1. Which of the residues spanning the range 22-45 are surrounded by fewer than 20 Cβ atoms within 10 Å (Cβ to Cβ) and closer than 25 Å to Q4 by Cβ?
2. Does R8 satisfy being without any contact (Cβ under 8 Å) to a residue 40 or more places away in the chain and over 12 Å from the mean Cα position of the chain (by Cα)?
3. Going by the structure shown, is Q101 exposed (fewer than 12 other Cβ atoms within 10 Å of the Cβ) and assigned to a helix (DSSP H, G or I)?
4. Name the single residue, out of those in the range 30-57 being free of Cβ contacts under 8 Å to residues at least 12 places away in the same chain and part of a loop (DSSP other than H, G, I, E, B), that is nearest to G13 (Cα to Cα).
5. When the residues of the range 64-90 are narrowed to those that are surrounded by fewer than 19 Cβ atoms within 10 Å (Cβ to Cβ) and among the aromatic types (F, W, Y), which ends up nearest to T49 (Cα to Cα)?
6. Return the total of residues in the range 5-21 being buried (at least 17 other Cβ atoms within 10 Å of the Cβ), assigned to a loop (DSSP other than H, G, I, E, B) and of a type outside the set (S, T, N, Q).
7. Taking only pairs six or more apart or across chains, which ones have beta-carbon atoms under 6 Å, a first residue in the range 85-102 that is free of Cβ contacts under 8 Å to residues at least 24 places away in the same chain, and a second residue that is surrounded by 12 or more Cβ atoms within 10 Å (Cβ to Cβ) and outside any helix (DSSP H, G or I)?
8. Are any of the residues in the range 16-23 of a type in the set (V, I, T), in contact (Cβ under 8 Å) with a residue 40 or more places away in the chain and more than 20 Å from A66 (Cα to Cα)?
Amino acid sequence: MSVQDEIRKQVTGNKVVLYMKGSPDFPQCGFSANAVNILRACGVNEMFTVNVLENPEIRQGIKQYANWPTIPQLYIDGEFVGGSDIVTELYQSGELQKMLQP
C-alpha cells in the first residue's frame, strides 16, 4: 500500500482525523495543542490522530495529499478542513461546531 493510499484510508475511514506533531495527551508543538484543545472544546472525545514525527513518509505524504505545507491538518468526514489558524477561525465563528455534528 502506498503512503497516499494509507492516508486516504485513514482520512475516509474515520469521522475526525488530525495529523499532528505528538499525541493528543502530549502534543509536540503549540499548533497541534491548539487543534486538539479546540476539538475537545467542541465535544470531540474520539478522534483518529497520526503523530507525523513517528513516520517521515506520512509527514511528507500528508502535505502532498492536501497540497497543504504545514502540520497539523484536520479532516472531517473525509474532507480537508485546514491547519491550526483555519481551525481556530472556524471554531470562533461557530462553523467548526456545525461541521462536527453527527
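1. G22, S23, P24, Q28, C29, F31
2. In short, no.
3. No: the conditions fail for Q101.
4. Looking at residues that are free of Cβ contacts under 8 Å to residues at least 12 places away in the same chain and part of a loop (DSSP other than H, G, I, E, B), I get N45.
5. F80
6. 1
7. Cβ pairs passing all conditions: M99/I76.
8. Checking the range 16-23: not a single residue is of a type in the set (V, I, T), in contact (Cβ under 8 Å) with a residue 40 or more places away in the chain and more than 20 Å from A66 (Cα to Cα).
Throughout, read-outs are computed from the coordinates displayed, never taken from laboratory work. Here the structure is a predicted model, which means the values were calculated and not measured. Every residue, glycine as well, gets a Cβ built from its backbone with ideal geometry; the counts of neighbours run over all protein chains shown.
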